[in-house]
Amino acid sequence: MGSISLRNVRKSFGTTDVIPGIDLDIEDGEFVVFVGPSGCGKSTLLRLIAGLEDTTGGRILIDGKDVSDAPPAKRGLAMVFQSYALYPHMSVYKNIAFPLKMDSQAKDVIDKKVREAARVLNLTDYLERRPGQLSGGQRQRVAIGRAIVRQPGAFLFDEPLSNLDAALRGTMRIEISELHQHLKTTMVYVTHDQIEAMTMADKIVVLNAGRIEQVGSPLDLYRTPANLFVAGFIGSPRMNMIEGAEAGKMQAKTIGFRPEHIRLSQTDGAWSGTVGVAEHLGSDTLLHIDSDEFGPITARADGDFVVKSGQRVFMTPDKARMHRFDEKGLAIR
Amino acid sequence: MATLHTRASARLMMAPSVILLFVWMVVPLAMTLYFSFLSYNLLTPGAHNFIGFLNYSYFLTDPAFLMAIGNTLLLVIGVLLITVIGGILLALVLDQPFWGQGIVRLLVIAPFFVMPTVSALVWKNMLMNPVYGLFAWIARGLGITPIDWLADVPLFSITLIVAWQWLPFATLILLTALQSLDGEQKEAAEMDGAGAVSRFIYIVLPHLSRAITVVILIQTIFLLSIFAEILVTTNGGPGIQSTNLTYLVYAQALLQFDVGGASAGGIIAVILANIVGIFLIRLIGKNLDR
Ligand SMILES: Nc1ncnc2c1ncn2[C@@H]1O[C@H](COP(=O)(O)OP(=O)(O)OP(=O)(O)O)[C@@H](O)[C@H]1O
Ligand SMILES: [Mg+2]
């Protein structure tokens, strides 16, 4: 069991309000990802849920029970830290066994659980090693192993993959997703990596300056961003934003269209421009175009669309997939 | 220093200082060794005859010798116990954020800057004196007969004085070690359900083990040769109750003018110190290579 509810949770460090007040419901078994720019309070929010920081106000409920004043150990949560926070003087086995030992479980029970966790995480050959003798990915798995043996109500991850190289990050991403499908335990995952957020989440929470901008499934956020911030934050490369007369024609302050929703042509189209930089990724090509009407625009073209820097191109936005925003930056539906 | 040539020139460059250090150490050692085989007493002029191991057997069979070894060990172990345990506790306290932390830290370090003779005299006259010492005054205030510290428990008193001097050193080293402990590790342990005591035993103490080793090794080197504190407080007495090896050698050489006997004692002290050193390195030195 592991549903988590935040009721007007606030946090300030001294006089700075880091989190001015957040309401959020996380269902049991959900994979929730917190994303947002650096310093927006993702880690702080996670630490509040973990109990490593005291709330300044509001309530935190786990399975409907108020745990706002409970110490971390009493909340039944497990956390995986960005630095792994393994105990350097203990073997991998002892690291994984530590929470069970603190729970005063019997030796043979501990042994069974540790070996099972090691098997799931492919750590069986490394049980006698010290953390210092492991690679980054192996350390990460030990940290996860230490979290899963306790069978917590929910897992909290704070940017667990940010110290790994791109290839390993891809593998670990899949491993964590598989682990989630296998355990069906609630997971709260902090990241600033778009791909992690989009691929792993059941539900993404977009944070900005301690406020929730939007909550929804990855595709919800991609298709119907609630405001300019979410529209600009989700999706890579960024959505193109256009203000002024062209937006006025659509009864909006700002209009936005994603690079992949622009049809490109060498002969005709609604708008025209000059190609600045063309990034050929093979499968597709990212074009940074200096448009005649609105300045820089990014467009994603098919890999077969061959243009060179300095060439003239024409663009036609897909009107059906255009996003419109009012003066306050809120989406107009 | 990759090539043969650079290595050779490096040796050449280092030679003067190495030779100087070598001579500096070897000449006194050789002379002491030489004297230790002579009948050489400043009160009996004349030829200094070679008398073989007589000085050694004389020194080793002296009843004061065993007593001195015992006292030396008791002193070293006592001071180590107090400073290591006290140092850990003080470091834990000083690591907490509290008002006036800077001043308190400075005060804790202060005893280290007081010379041994001065601090021993302060303890002897202001604190431990049975008539006008602070401890006696407190004892009388509580209605207890004051203890004559330096006469009744001389070795313990000296242990206290020396421990007071070395506590800051231990605290300082352990505090820096404590501050280098990764905060996330403590938080992880907290999440894992470890209480304050478990966190101390399983996380903090192992982290401190290297620093504790350094404290023990360095202090032992200095504690084996405590002298000034004994000289200005008890003079090794009453009787020989607070005489350690260093003081015994001193008494032999400068109170009995027996250069030969004192040299033999000095050589024995050197050998014993090395035994203790090897023993310590074997026992706890492995903590260092990790
Ligand atoms: N102990 C603290 N004391 C004062 N301010 C703090 C403290 N911890 C965090 N903050 C502030 O709170 C804000 C949010 O910090 P937080 O660590 O939650 O950011 P984040 O979203 O996790 O960023 P990142 O993606 O860089 O990890 C930051 O502006 C930070 O400076
Ligand atoms: Mg963070």
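What to note about this one:
- Nearest-ten-degree value, helix A:92-102 long axis tilted from longest Cα axis of chain A: 70
- Annotation: amide H-H contacts under 5 Å for A:Ser272 (H modelled 1.01 Å from N, sequence separation of 5 or more, or interchain): A:Asp292, A:Glu293, A:Met315.
- Solvent-accessible area assigned to carbon and sulfur over the stretch A:210-287 amounts to 51 percent, based on a 1.4 Å probe.
- Remark: the stretch B:94-110, residue by residue, has Karplus-estimated 3J(HN,Hα) of 5, 6, 6, x, 8, 6, x, 4, x, 4, 4, 4, 4, 5, 5, 6, 3 Hz, where x stands for each Gly or Pro and the curve is 6.51 cos²θ - 1.76 cosθ + 1.60 at θ = phi - 60°.
- Rounded to 10°, Cα long-axis angle of helix A:107-120 versus longest principal axis of chain A: 20
- Of the chymotrypsin sites (Phe, Trp or Tyr not before Pro) found in the stretch A:1-62, not one falls in a DSSP loop while having at most 10 other beta-carbon atoms within 10 Å.
- Per-residue ³J(HN,Hα) for the stretch A:252-265, Karplus 6.51 cos²θ - 1.76 cosθ + 1.60, θ = phi - 60°, Hz, x for Gly and Pro: 9, 7, 9, 10, x, 9, 6, x, 7, 9, 10, 8, 10, 8
- Estimated D of chain A in µm² per second, where Rh is the Kirkwood radius over Cα pairs and Stokes-Einstein applies at 10 °C, 1.306 mPa s: 71
- What chain A shows is 46 Å² of accessible area per residue, with the surface traced by a 1.4 Å probe over protein heavy atoms.
- The residue list B:Leu54, B:Trp24, B:Ala10 was ranked by how far each Cα lies along the charge dipole of chain B toward its positive end, using unit charges on Cβ atoms, and B:Ala10 comes out on top.
- Around A:Ile19: net Lys/Arg minus Asp/Glu count, Cβ-Cβ under 14 Å: +2
- Rounded to the nearest 20 debye, dipole of chain B from Cβ charges on Lys, Arg, Asp, Glu: 460
- Taking every alpha-carbon pair under 8 Å whose residues sit at least 6 apart, the stretch A:241-332 reaches a relative contact order of 36 percent.
- Ranked by how many other beta carbons lie within 10 Å on average, peptides B:49-57, A:156-164, A:208-216, A:91-99 from highest: A:91-99, A:156-164, A:208-216, B:49-57
- With helices as the sole contributors, the protein assembly as shown gives -14500 deg cm²/dmol at 222 nm; each DSSP H run of n ≥ 4 counts as -39500 (n - 2.57), and the sum is divided by every residue.
- With contacts taken as Cα pairs under 8 Å at a separation of at least 6 residues, the stretch A:4-232 carries a relative contact order of 28 percent.
- For the stretch A:50-118, the relative contact order works out to 22 percent when only alpha carbon pairs closer than 8 Å and six or more residues apart are counted.
- Degrees, to the nearest 10: A:166-183 long Cα axis against longest axis of chain A: 60
- Comparing B:Pro28, B:Pro116, B:Pro16 in a Gaussian network model of chain B where C-alpha atoms under 10 Å apart are linked, the largest mean-square fluctuation is found at B:Pro16.
- Comparing B:Ile275, B:Ile77, B:Ile212 in a Gaussian network model of chain B, where Cα atoms under 10 Å apart are tied by springs, the biggest mean-square fluctuation is seen for B:Ile275.
- Listed peptides A:246-256, B:94-104, A:305-315 by packing density, highest first (mean Cβ within 10 Å): A:246-256, A:305-315, B:94-104
- Taking every residue in A:80-87 and counting other chain Cβ atoms within 10 Å of its Cβ, the average works out to 5.
- Selected from B:Ile240, B:Ile144, B:Ile109 as most flexible by GNM, with chain B as the system and alpha-carbon contacts under 10 Å: B:Ile144
- Heavy-atom surface of the stretch B:207-250, accessible at 1.4 Å and reported per residue (Å²): 35
- Within the protein assembly as shown, percent of DSSP bridges classed antiparallel, to nearest 5: 75
- Nonlocal amide H pairs with A:Arg263, under 5 Å, H built at 1.01 Å: A:Thr316, A:Asp318
- Note on the stretch B:62-255: dipole from Cβ charges, positive end direction compared against B:Gln219, B:Val131, B:Val118; the farthest Cα belongs to B:Val131.
- Average beta-carbon neighbours from other chains, 10 Å sphere, peptide B:190-202: 6
- Neighbours of A:Gly57 by Cβ distance under 14 Å: Lys/Arg scored +1, Asp/Glu scored -1, total -2.
- For B:180-188, mean number of other protein chain Cβ atoms within 10 Å: 6
The values are calculated or read from the model by the stated rules, or taken from the named source; none is laboratory data. Quantities reported herein were computed from a predicted structural model and do not represent experimental measurements. So basically every Cβ, Gly included, is an ideal-geometry build from the backbone, and we count neighbours across all protein chains shown. Just the protein is used for accessible areas: all its heavy atoms, side chains included, with ligands, DNA and RNA removed. Shrake-Rupley method; radii C 1.70, N 1.55, O 1.52, S 1.80 Å.
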